[in-house]
Each structure stands twice: as structure tokens, then as C-alpha cells.
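Each remark here refers to the structure printed beneath this line.
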Amino acid sequence: AAMQRLQPDVVVHLAAATAGAPTMRAEPTRYFAANLAASTPLAVALERGLCGRVVLAHSAGAYPRPAAIGRADGALQPGDLWRGPPAAGAYGVARRAVGALLEAACSVGDVALIELVLPTVYGPGDGGDQVDPAGLRAVPAFGLRYLDAVAQGQGEVDHFGSGFEVRDFLHVDDAVRAFVAATTMALHPAGPTRLHVSDGEPVRMEQVATRLAAAAGFVGTTTWRHRSDGMTASDDAVVLAPAHLDALGVTPEIGLEDGLRGVVDDLRARLRRHLVGGAKGA
């Protein structure tokens, strides 16, 4: 109904349901269904040609791990999307389905579609004002655990995973710049429509944890729940090769170290708000 009333020039489609990996693995049906439900009404409007362009937030979690397609290492290319099972399980299946559905609907309605595939997006505000790490994605969850350990005088923090998982990261401000650029980028009939907004830099999760610990002022031991004795690596690697960013005219600018310091500053402010709110409630 909104699309019929407004008939916008551009729709930036960000609607999705996501959480930390443990939560999404525990509730695959919820995250599969929610992601499809967030896109189905839009697809109906696109079939009717009710806008000129859609910019879709696609996810690296929809891609297979390189190991699943016979590569021990290396970054993923746009053509790899359907070459193996999605790295993010049911959530990844849903994001694939959303992309395919919107591609089909746009074809029927003669609507231009640009898919911006994102790696792990992080930054201030991730998770709103939540302060329980169990319901958050990895970066804010790690940061909150370190801040809590510092506040409680604890010398050990444990995280989900092995720490050897490999990802690439994109600061939310860089993601925003990419979406703004995609609303006006020149389109060519035979040009690329799926773009990877990434610097292609692989980072182990233990490196992320180390930087967050330093920013939080934590001095102690970090343990990993799924690291076995003698383990030195993991095949859980999902890294996007930068693809077609020249068409977009935007490249990532914010470095991980600076970005993670900003995350910790934001989490400190979040905890202060939570404490003030709790005191008022009491």
C-alpha cells in the first residue's frame, strides 16, 4: 500500500532479522521465515513496477565458505553465490531466497536492482540498547563481556567459537556511504548488479577480540568455547573479494582498529544509560 501511494524513485531495502550466530542456529525457522516475510510484500510491489530502483542489502552469509567449493583459501567472488551451501545456514538460505525473489520481481516489473553484498557490518548502535551479550552479534557481545569483566575485576572472559574464524569487516558508516552512492550510481544494461562492499582483508575473530579487549582496558585471559587442544586454524572463513566498487565510486575508509574503539565507546555509553534507567526504575 505504501509503495502504491508513494511510487518512490528508489527503495533501499534493509529489512532483515539477524542476531548472533548461536541465537540464529538455535532458532533457524524464526530467522528463515522472518527474512522472507520482510521482503514478500515488496516483491509484489516490484512486480507491479511501483518504483524505479531497488538497492538490496545482501549478506556474505548467503555465500558458501571457500572450503565448500574446493578452495582452501581466497576471497569469494559474486559468481560463487550458488556454488555450495550458505555459510550462515537457514539465515543464509533466506538471504539467497530474498535476492532471487527480488531479481525475479524486478524483471517482471522492469525495475532496476542493485545488490550490495556486505561482509560483517559493525559499529556503534549494533543491537540498539541491549546489554545482554547473549542476544547480540559478535562484536558488541565481545565488547560488553570485556567491559563487564573490567567492572567486576574479573581476569577471564570466554567467547563463543574458536577464535580462528575468518571474516572481513565493514564499518556501518562505510556501509551507509555505499547505499547512498547506490541510489544514484549510473546503470548500464550489461553492467554488474551485485557489488561486494569490502576491502577483502581477512581478519581472525581472535584479532577482533584482542583489539576490543585493549579498547576496553581488559588485561587478562580470553578463552574460546569451541577451541580444541592443538587447534591452530578453522575452515570457517567467509571473506568477500571487492567487486565492482569502481561502478559504485565508493571504497571502505574506516580502519578496523579505529572502528572498534568507537564500538567500545558506544558500549560504555550504553551501559551508563542502562544503569541510569535501572536506578530510576528501582
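Which numbered condition in (1) of a type outside the set (D, E, K, R); (2) open to solvent by 40 Å² or more (accessible area, probe 1.4 Å); (3) assigned to a helix (DSSP H, G or I) is the only one that Pro140 fails?
Only one criterion in (1) of a type outside the set (D, E, K, R); (2) open to solvent by 40 Å² or more (accessible area, probe 1.4 Å); (3) assigned to a helix (DSSP H, G or I) is unmet by Pro140, namely (2).
Please find, within the range 1-40, the residue that is surrounded by the fewest Cβ atoms within 10 Å (Cβ to Cβ) out of those that are among the small types (Gly, Ala, Ser) and under 25 Å from Ala181 (Cβ atoms).
Per the stated criteria, the residue is Ala2.
Scan the range 34-63 and report the pairs whose first residue is under 20 Å from Ala90 (Cα atoms) and whose second residue is among the aromatic types (Phe, Trp, Tyr) and buried (at least 22 other Cβ atoms within 10 Å of the Cβ), with Cβ atoms within less than 6 Å and a gap of 6+ or a chain change.
Final answer for the pair search is Gly61/Tyr91.
Residues are listed down the side, and each one gets a yes or a no for (1) open to solvent by 30 Å² or more (accessible area, probe 1.4 Å); (2) more than 21 Å from the chain's Cα centre (by Cα):
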{"residue": "Leu50", "(1), (2)": "no, yes"}
{"residue": "Ala62", "(1), (2)": "no, no"}
{"residue": "Pro86", "(1), (2)": "no, no"}
{"residue": "Gly89", "(1), (2)": "yes, no"}
{"residue": "Gly92", "(1), (2)": "no, no"}
{"residue": "Arg96", "(1), (2)": "no, no"}
{"residue": "Leu102", "(1), (2)": "no, no"}
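The values are calculated or read from the model by the stated rules, or taken from the named source; none is laboratory data. In this text the structure is predicted, and so the values were computed from the model without any measurement. Glycine gets a Cβ as well: all are built from the backbone with ideal geometry, and neighbour counts include every protein chain shown. The protein model used for the area step is the full one, side chains on, heavy atoms only, and it has no ligands, DNA or RNA in it. Shrake-Rupley method; radii C 1.70, N 1.55, O 1.52, S 1.80 Å.
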